[in-house]
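Read-outs: derived from the displayed coordinates by stated rules, not from any lab. Just so you know, these numbers come straight off a predicted model, no measurement behind them. Cβ: placed from backbone, ideal geometry, glycine included. Neighbour counts: every protein chain shown.
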Amino acid sequence: MDRAVHSFLRRHKDDILGTWQSRVTGEERDVELVGSALRNDVPSLLDALADWLESDQPPERSPVVIEALKHVMQRLDEGLSLEQVFREYRLLRETIIEAVLGAEADEQDRRGASGEQGRIERIKGLARLNAGLDVVLSQSIVEFVAERDRRAADERARAQRDVRDSEERYRTLFETIDEGFCIVDVLFDEAGKPNDCRFVEVNPAFEQHTGLANARGKRIRELVPQLDERWYEAYGRVATTGESIRFSHRAEALSRDYDVYAFRVGAPEMRRVGVLFSDVSERKRAEESLREVNRQLRESDRRKSEFLAMLSHELRNPLAPIRNSIYLLERAAADSEQATRAREVVRRQTEHLTRLIDDLLDVTRISHGKIPLERSRVDLREIVRKTTDDLYSVFTQGGVRLRVDHVTAGPMWIEADSTRMAQVLTNLLNNSMKFTPSGGAVRVSVAAREGGAELCVTDDGVGMDPKQIEHMFEPFAQADHSLARTKGGLGLGLALVKSIVELHGGTVAAHSDGPGRGAEFLVRIPLADAAAESEKARHRSTGTPPRSILIIEDNVDGAQSLAEILELHGHRVRIARDGSSGIALARKVQPDVILCDIGLPDVDGYEVARTLRSDGPLRDTRLVALSGYAQQEDRQRARDAGFDAHLAKPVDLEALMSTLAKDS
C-alpha cells in the first residue's frame, strides 16, 4: 500500500533530517537544541513512521505515537516550550511531504504516463502519511497533557503529604517537648516601641512553666500586668531585626527564672516571634543555695582559723602565772604570804583552764546531739538567786554592780536541767561583765509572760553594732578582734547559751541600741504545769565518813595530788601505777572505793573493772572511772564494764566528794 513512501523514508532519512535541521535552525536559532533532537529522538521517530506506513495499524495504536511522545517530553526537558515543539513537528511534516512530493515529480518525469498507477499509490500513501502525522501530533499532545496532569497530580499529592508529615512532626514536637513554647505577635505603640505581645500558639508545657492558663489569643499585659519592659524589648528586637537571641532573665511578676531562646517566625512584616523557654527557678535556687553553703564554709573556715589563734592565746595565758607560781612555791616558805598568793593564782588559773576545756567539750557534745539533759521541776528564781550569789564577788572585784530584780517572789517552775540553766545565766552574766567597764551595772530580772518564763540580763556596757548581733550566737564569734584580746575567752559562751536554751525548747535574743549604749539578752523558757507540786529537795549529806580508797593512775603527779586532797578529808589512800598492780593491791587491801584511770599502760580501766567485778570479795566494791574521755558513749562504756560512776578529768572535787558520800 504505502511501500513507496515508507521505502522512500528509509532511503532518504538522512536527507530529510538534514533539511529539517536547516529549517529548524533557521527558526530556533539554537543549534545545540536542534542537534540534540536529531541525535536522540527524530531518527527513531522517522523509523517508527516508516514501520507504521508498512503496516495496517491505525496511527493512534502504533509505536510511532510513543516515539513522538518521547520526542515531546525530551524537547520539553531540554528547555523548549510546547509551542516550539509543535513548530518542530509542523516543520518535520512539511519537510517529509515536500521531500516525498519532490521525489514523486522526478519519478513522473522519468516514467511518464506508464507510471500512473504507481503515482496514485504514492499519493495515497502520502495522504495517509499526512493524516497519520496529524493523528500522531494530536495524540502525542493528548498523551503529553495527560502525563503532565499525572505528574502535577503526583507532585501535588507529594507536596500535600510532605505538608501533612511536616505538620504532624511539628504538632508532635509542639505537644510533647518538656520546654514551654509559644508564638507571639509583638505589638508596637505609635512611636514604634514594643509594648505588648499577643499569644498566637502555646504548647501544653506552657502553663506548667508559667502558671498561666488559657493564654492563647490573650495579651501578656492582660495576664501579667507587672511584667517588666525588658521582655517586650527583647522580643521587639527579634521581630524587627530577625536576629535570634538566647538569654536568662527573672520574671519578678511570676516569681520565676527563665532560660529563653527567641527567633522570628514568618515574614518580617508579621512581627511574629517564637519563644522556647524553661523555668529554671529550682536550678537558680540550688545554685544560690550552693553559693550560700560555700560562703558559710568560707566563713566557718575563717572563724575556725581565728578560733585556733584565740585558743592558743587563751591556753597560754594561764600557763604563765601557773609556772611563775610553781617557781615561787618551790622557793618560798609554805606559810608565807607569797606562797598563799601563789596557791591562789594556781587555783584561779586552773579553774579558768577547766572552764575553757568544759566550753569546748560542751560545744562538741551539743553539735553532735550528745549532751544529756537531766530534767526535773526546778525553780528558775532559785537558780537565779544561787548563780548571782556565786558571782557576786567576781562582779565586786571588777567594779561592776550586779542588781537582781523579782527573785524574792514565789517559785517559778520550769522543766529543766538546773545545772545547764545555771550555766546559761553564768555565761550571760560573764559576757555582760566582760563588756561593762568599772562603775557600770548589770541587772538580772525574772518574769512570767504568756505561758513562758523570761530571764533578762541587761547591762550599760559597750553595746553592739547591729551587724554583730546577727552572728554573736555563732560558735567562736568575738566582738574583740584586736591582738591584745583584753576581754579573753573563746567566743563559745553565747553559742552554748543558745544551744542549751534551744534544747530546753526555749529561745534567746539580743538587743542593743548601738555602740556605747549597752545590751540586753532575753531568754524565754516554757513554764512547767503550775498545779504540780515542786520536786522535793534532794537529801544532802552533811559529811562523809572516812573511807579506804585505792587510786589506780599512771600519772604520778595526778595520783599523788589527788591522794593528798583525799587524805586532807580524812580518807586512807593507796596508789597503784598500772592495771595489773592495781588489781593485785585491790585484792590485798579490799578498799571501800577504787578510783581507776581508763588509759592505763598495761591493761585499760575497763578490763580492770571487769576483772574486779568477777572477783567475789571485790564484787560490791564501789568503782569510779577517771578519764579524759568524757563523751556520752564513754560513760556508757564505763557502766557496761562495771563502773558505778564516771568522772571527767580534771576531776571536779565537789562531784568527787558527792560520789564518795553515796552509800556511806
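Based on the mean of other beta carbon atoms within 10 Å per residue, what is the order of 395-403, 165-173, 579-587, most packed first?
Working: 395-403: 15.1, 165-173: 10.3, 579-587: 18.7.
Result, highest mean first: 579-587, 395-403, 165-173.
Think of each Lys and Arg Cβ as +1 and each Asp and Glu Cβ as -1; about the Cα centre, that makes the dipole of the range 537-663 roughly 520 debye.
Apply the a/c threshold of 1.5 to the C-alpha gyration tensor of the range 180-279 and tell me whether it is rounded, prolate or oblate. Note, shape of the range 180-279 comes out rounded. If the chain linking residue 419 and residue 208 were pulled fully straight, counting 0.36 nm for each residue of separation and taking away their Cα-Cα distance, it would gain 70.4 nm. If R0 is taken as 56 Å, the Cβ-Cβ distance between residue 290 and residue 347 corresponds to a FRET efficiency of 0.65. Subtracting the Cα-Cα distance of residue 178 and residue 81 from 0.36 nm times their residue separation leaves 29.6 nm of extension gain. Is the range 598-664 rounded, prolate or oblate when judged by the Cα gyration tensor, a ≥ b ≥ c being the square roots of its eigenvalues, rounded requiring a/c under 1.5 and prolate requiring a/b larger than b/c? In terms of gyration-tensor shape, oblate.
Shape class for the range 548-661: rounded, because the ratio a/c of the largest to smallest gyration tensor axis (alpha-carbon atoms, square roots of eigenvalues) is under 1.5.
With R₀ fixed at 56 Å, the C-beta to C-beta distance from residue 301 to residue 662 puts the FRET efficiency at about 0.75. Exposure proxy shown here: for 388, 436, 340, the number of other Cβ atoms within 10 Å sets the order, fewest to most, as 340, 388, 436.
Across the range 230-245, the residues whose backbone nitrogen lies under 18 Å from the label position 7 Å along the beta-carbon direction of residue 261 are 235, 238-239, 242-245.
Extension gain for residue 188-residue 171 works out to 3.2 nm (0.36 nm per residue, less the C-alpha to C-alpha distance).
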